[in-house]
Amino acid sequence: MDKRKKILALVALLLISIVGFYILNQNKTENNNEDIINEQTQEYIDNTNTAEEEKEVEHNLKLTIISPEGESFSARQARMYEALIEGNGKYSNQVKCHWEFFLNQNNEEALYQTMDNSGILSGESKEICGFTSTFIESKGVLRVKLTVTVFDAVNENIESVSGERTYTVL
């Protein structure tokens, strides 16, 4: 009988050891899985932040109206209107150009005409928004204002930049 008790105690001890080992091993596996999940989650967050940082490239665009050249021109004279955009044009983006022409006659400036056109911005600098017209038929001081809005491939507004230039219409 003594042998039976010893064998039974040995079997019980062996079963308790196996169950204990299984439980400890299960906890380690769960902890490892949690660590792996945490590492993957952190890696995903890091990649997401990196992607957002890459998308948020700083645009430092500068717009200058370069044409017509000179300070004055004659009324009804065909003139080429054009602007130069400089700065970060890393992506090929569509640009929408909104021209406004203000004519000052008798010390009173009034909106004379507006014009909208579009173009593509690619590279570091580019001449954009060009058109030719003879629509300025009156004499006075002409203030030309151009607002260029840059869009990405899905027509999301990235940035707007404006420029002005003044002419004397003779």
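Brief remarks on what is shown
- Number of residues in region 154-170 that are at pLDDT 80 or above and assigned to a strand (DSSP E or B): the value is 10.
- Exactly one residue among Glu52, Glu137 is modelled with pLDDT under 80 and either surrounded by 17 or more Cβ atoms within 10 Å (Cβ to Cβ) or not in a strand (DSSP E or B) (or both), and that residue is Glu52.
- Restricted to region 90-122, and to residues there that are under 16 Å from the mean Cα position of the chain (by Cα) and small (Gly, Ala, Ser), the residue that is modelled with the highest pLDDT is Ser122.
- Some residue of region 66-89 being part of a loop (DSSP other than H, G, I, E, B), of a type in the set (Asp, Glu) and at pLDDT 85 or above: yes
- Scanning region 140-153 for residues that are among the β-branched types (Val, Ile, Thr) and modelled with pLDDT under 90 yields a total of 3.
- All positions within region 133-155 that are charged (D, E, K, R) and under 25 Å from Lys62 (Cβ atoms): Arg143, Lys145, Asp152
- Every pair of residues 6+ apart whose Cβ atoms lie under 7 Å, when the first sits in region 70-81 and is under 10 Å from Lys139 (Cα atoms) while the second is outside any strand (DSSP E or B) and among the hydroxyl-bearing types (Ser, Thr, Tyr): Ala75/Ser138; Arg76/Thr134
The values are calculated or read from the model by the stated rules, or taken from the named source; none is laboratory data. Quantities reported herein were computed from a predicted structural model and do not represent experimental measurements. Using ideal geometry, Cβ is built from the backbone for each residue, glycine included, and neighbour counts are taken over all protein chains shown.
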